[in-house]
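The next block holds one structure in the form of structure tokens; read it before the comments.
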Amino acid sequence: MKRYWMFLLLGLSLLLGGCATTIRSEVTAFHATPLNLPDKTFAFERSAAQQNDLEYRRYENLVRQQLLQLGFTDIAPAPTLKVSLSYGIESREVRVVESVVVDPGWYGPPFYDPFFRRPWRYGYGPFYDPFWYSPPLVVPREINYQLFTRHLKIVIARAAGGAKLLDVSVNSEGRDGSLARVMPAMIQAAFTDFPGPDGVPRQVDVKLE
């Protein structure tokens, strides 16, 4: 019996360890048409605070990889386009009250048979217990947790004059408060089906291993 439970737990751990987390984002892109520019050379425009921000540099590199895959060229010091990005995260407390069905015959493990109302350890069957088929109870249960809202904005504009060509907003919600863990999926969502429909919010699911 012990060996059975060991194998069961090992199988569950392997199954959970191989699961991927899906990040669902709402993506809204506004862009000028046509966006098929003959010259796609770009450079990043950074604020003073972003110049020495290692977290920002990591996200910038992820955006750069997406642009290079789309045929853009990273060049300095005289690019045709400039790219900027901003991001952030907020949290709020969520309180949920739900109804839970409780078995009045449950006295706790071990030896509980889900098909009956009494544990086996009392040694008698339904013919000796007038409350064997007692109805289940419905009780309220309160759940409290933090919900995080993550947001990302990427702007591509002309280097000369600053006219915007693409403005993408990505927003996602979840219980994961690590922006570093979620941001790769949000950046990938921003460039999914690039440039996307103009001004139409859409949901994009990206799996993180």
Self-check item: Contacts under 8 angstrom Cβ, first residue in the stretch 182-209 being touching a residue at least 40 places away in the same chain (Cβ under 8 Å) and farther than 20 Å from THR149 by Cα, partner surrounded by fewer than 15 Cβ atoms within 10 Å (Cβ to Cβ) and among the charged types (D, E, K, R), 6 or more apart
Solution: GLY196/ARG202
Self-check item: Count of the stretch 167-186 residues which are closer than 16 Å to PHE30 by Cα, of a type outside the set (S, T, N, Q) and surrounded by fewer than 20 Cβ atoms within 10 Å (Cβ to Cβ)
Solution: 1
Self-check item: Number of positions in the stretch 64-85 that are within 20 Å of VAL182 (Cβ to Cβ) and in contact with a helix residue (DSSP H, G or I) (Cβ under 7 Å, 6 or more places away or on another chain)
Solution: 2
Quiz item: With respect to ALA189, is the statement that it is over 10 Å from the mean Cα position of the chain (by Cα), crowded, with 16+ Cβ neighbours inside 10 Å and assigned to a helix (DSSP H, G or I) true?
Solution: yes
Practice problem: Examine the stretch 73-92 for a residue that is farther than 22 Å from ALA48 by Cβ, among the aliphatic types (A, V, I, L, M) and either modelled with pLDDT under 80 or assigned to a helix (DSSP H, G or I) (or both), and state whether such a residue exists. | Solution: no
Exercise. Quickly run through the stretch 68-93 and pick out the residues that are touching a His at 6+ places or on another chain (Cβ under 9 Å) and either among the β-branched types (Val, Ile, Thr) or without any contact (Cβ under 8 Å) to a residue 40 or more places away in the chain (or both).
Key: ILE89
Self-check item: Residue ID - modelled with the highest pLDDT, chosen from residues in the stretch 118-157 that are outside any loop (DSSP other than H, G, I, E, B), among the aromatic types (Phe, Trp, Tyr) and surrounded by 10 or more Cβ atoms within 10 Å (Cβ to Cβ)
Solution: PHE148
Practice problem: Could you check how many residues of the stretch 25-39 are surrounded by 15 or more Cβ atoms within 10 Å (Cβ to Cβ) and modelled with pLDDT under 95? | Solution: 3
Quiz item: Somewhere in the stretch 40-63, is a residue over 25 Å from SER86 (Cα atoms) and either in contact with a helix residue (DSSP H, G or I) (Cβ under 6 Å, 6 or more places away or on another chain) or at pLDDT 50 or above (or both)?
Solution: no
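The values are calculated or read from the model by the stated rules, or taken from the named source; none is laboratory data. All values derive from a computational prediction rather than experimental measurement. Every residue, glycine among them, receives a Cβ derived from its backbone with ideal geometry; neighbour counts consider all protein chains shown.
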